[in-house]
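These notes are about the structure you will find just below.
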């Protein structure tokens, strides 16, 4: 998650505030998948998007190492990140793996982390920039859902984020969160969510949208269209497997800051090893340059 690429990513167990309408929609999703890719390792090429596309500005498919393309690992033990034989559209995957005790990693405190990050410059996340991004995530058999939250304790996970560039206990500007599979009450989110912030101080301008339940061994293909701004002209649209899930208008950065990209396996400690697989990280100038399928 360069000096700007080393702050902590903190999710407060008390700061998960969700609207009643969004929670109702999340509950409705618990019985429905979200148009996921049919087979985990089936390379159903529907698009030629890749490094050779003239509108692609950043492309990483981890052909030789988790450190390809300028990514660096944040881990308790070096080498937790490894290449995977599960591919997406011909792009090798990278497995991010945590073991019990992988705490105090780049500001994670008691939470456990194995992340890969690139710098703000590589992310090109500065005030006024506009981008299309795409990446793919798979939850393998050895992925473990965070346990159900009880009482005042919140359990959570993060599998991707655009982290703000300043150090300190800030909420990330955008994250794909992986919450427990079940909840004790409707105000506690389950499954996958988009969640972001922007404005002046940490936690300003929260926006969120549910994605659906976590399904094992299928690819989630994420596409984002974003204008990075700390003002009202910012926007963040997000699709999952071609289906639009979020449309936010408003701040997407904190004032005076930028952001940098992280592939993540970051979660509250729950005493079990867990893995997440990532593939094909792409930034471009059009949807066609980055997306495997048409966005609608």
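Here, each number is a calculation from the coordinates, and none is a lab measurement. Nothing here was measured: the structure is a model prediction, and the numbers come from that model. Virtual Cβ from ideal backbone geometry, glycine too; neighbours counted across all protein chains shown.
The table below lists the values:
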| quantity | calculated |
| --- | --- |
| Sorted by Cβ neighbour density within 10 Å, fewest at the top, the residues 292, 253 | 292, 253 |
| Rg ratio (alpha-carbon, reference 2.2 N^0.38 Å) - the range 182-296 | 1.17 |
| Three-way shape label, the range 81-129, alpha-carbon gyration tensor, a/c 1.5 | oblate |
| Relative contact order, percent, the range 122-205 [alpha-carbon distance under 8 Å, six or more residues apart] | 22 percent |
| Inter-probe distance in nm under a simple model that places probes 7 Å from Cα toward Cβ, at residue 141 and residue 201 | 4.9 nm |
| Modelled FRET efficiency - R0 22 Å, residue 166 with residue 67, Cβ distances, 0.05 increments | 0.30 |
| Stretchable slack from residue 233 to residue 99, in nm (0.36 nm times residue separation minus alpha-carbon distance) | 44.1 nm |
| All-pairs Cα distance distribution in the range 160-222, expressed in whole percent, bin size 5 Å | 4, 16, 23, 21, 17, 13, 6, 1 |
| Rg/Rh for the range 67-161, where both radii come from Cα atoms and Rh is the Kirkwood radius | 0.99 |
